[in-house]
Amino acid sequence: MTALTAKVTEPAPPPPPDARAAKRRGIELTLLAGAVLISVLGHLYVGLAADGKSTRAPAAPYAAGLGGAALIAHLAVRLRAPYADPLLLPIAVLLNGLGLVLIQRLDLATPGAPGAGDQLRWSALGVVLFVLVLVLLRDHRTLQRYAYLSVTAALTLMLLPVFFPAVNGAHIWIRFAGLSFQPGEFAKILLALFFAAYLAANRTALALTGRRLFWKLRLLPGRVLGPILAIWLLSVGVLVLERDLGTSLLFFGLFVIMLFTATGRIGWIAIGLLLAALGAYAVGTLEPHVHSRVQDWMNPFASIERGDGPGQLAQSLFAFAAGGLLGAGLGHGQSFLIGFAAKSDFVLATAGEELGLVGLTAILLLYGLLVSRGFRAGLALRDPFGRLLATGLASIVALQVFVIAGGVTGLIPLTGMAMPFLAQGGSSVVTNWIIVALLVRLSDSARRPRPGPGPNPGSGPGPAPVPPQEGPA
């Protein structure tokens, strides 16, 4: 009698945490090399398209600057956040590199001081701050201690431009001693930090509801509704004082999204949309600068009918139409006719015309992937403050992309905000690198293995455990 025996194999044990971290960093380094290569090739192509030579857009300094910055950022992540998401840094480098290519392309077609060199220097400063955030911030929960300080600083930064001259009809710039920056860019990070701390500490009270009004909306207690109305009034006040539609939409939209995340009640979304619509209608009717933008949005071809030529929005729509499916090719479009705005929110029109629908979709997918990885880090975090902070930071990027892409395509009125990483602007690119650094730190905390039983769980590499902090009541 022959006995048939089955060979039982034990399942392979999972790789140790250090091996998983090393694999993630290897993936990150490979993707970074691809991101730098794509950007350098785009830079070379821009020079060739200009005059058949690459001398007008020399690639060696560009490649050294972008590649060196990417390598330094990678080493900082490898040493200080080894468990971080391997996609966050390569996406940021690729978007930053593509932005430098588009700005260089517009520099060659428009007179004036070149902007690509300045943008590369601002990007290098952003990477330096990226490294500093990872080195100095060992545990994201320590930020919860500075909630009230952050909101005080944010409000101060948002109000400062009111006392300086308007630029293009909006009070969003501070110009002093030959330098200029947008304080609102830094304020949005501070506001996200405060909202995360406030909502983490008060999410139970915010979830309380009273009598049902209709559908899923319920009457809120006054002590809960009061802060919400204060935030709404403040956002409308910013819009009135600074004539800045983009900052107001970002400010209020960020709070509503984080409020929904904290409570899980969809009624907050409906209330937020209603209040935003009421505020936008009132200010758009009464404030001349905002009213003119609304009129241009409703009829972008009115200036052509008057014989004044196409305005910026009309030129943007023409650029998208000329790009078609595959685009005219880098350096072969006419979007520079939009003027200075081609280097700000209308840089997306340049991408649409010269890279086509395919290239524009790829850029938007990169933004979508960056936002989704931020949300994923938030879902994996175990503390409410970290979850809300990751959601808020990812929402900042998502709201900016929506507002800008919607503005240049005629979906919503123009706002004048800068496209993250793509548009020219030192304040914007530095702020976005800080956001990516915080997301890297949060994703590292989310993926880091829990310390096992032992005499001193905090003695290993990485951030030492920090007891939960009390947020603002």
Limited to segment 375-415, what total is found for residues that are basic (Lys, Arg) and surrounded by fewer than 22 Cβ atoms within 10 Å (Cβ to Cβ)?
2
Of everything in segment 104-158 that's among the aromatic types (Phe, Trp, Tyr) and farther than 22 Å from residue 446 by Cα, which residue is farthest from the chain's Cα centre (by Cα)?
148
Identify the residue in segment 400-419 that is of a type in the set (Gly, Ala, Ser) and not in a helix (DSSP H, G or I) and, among all such residues, is farthest from residue 141 (Cα to Cα).
410
Residue 323 over 25 Å from the mean Cα position of the chain (by Cα) and either surrounded by 22 or more Cβ atoms within 10 Å (Cβ to Cβ) or within 25 Å of residue 32 (Cα to Cα) (or both):
yes
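So that you can scan it fast, the table gives a plain yes or no per residue for (1) over 15 Å from residue 47 (Cα atoms); (2) modelled with pLDDT of 90 or more; (3) outside any helix (DSSP H, G or I):
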| position | (1), (2), (3) |
| --- | --- |
| 84 | yes, yes, yes |
| 89 | yes, yes, no |
| 92 | yes, yes, no |
| 101 | no, yes, no |
| 107 | no, no, no |
| 113 | yes, no, yes |
Would you point out the residue of segment 134-149, among those that are in a helix (DSSP H, G or I) and aliphatic (A, V, I, L, M), that is surrounded by the most Cβ atoms within 10 Å (Cβ to Cβ)?
147
Working only within segment 290-310, note down all residues that are crowded, with 16+ Cβ neighbours inside 10 Å and not aromatic (Phe, Trp, Tyr).
290, 293, 294, 296, 300, 303, 310
What helices (runs of 4 or more DSSP H) lie completely within segment 293-399 and have 1 or more residues being in contact with a Phe, Trp or Tyr (Cβ under 8 Å, 6 or more places away or on another chain)?
312-323, 347-380
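The values are calculated or read from the model by the stated rules, or taken from the named source; none is laboratory data. Since we're looking at a predicted model, the values are computed, not measured. When we count neighbours, we look across all protein chains shown, and the Cβ atoms used for this are built from the backbone with ideal geometry, even at glycine.
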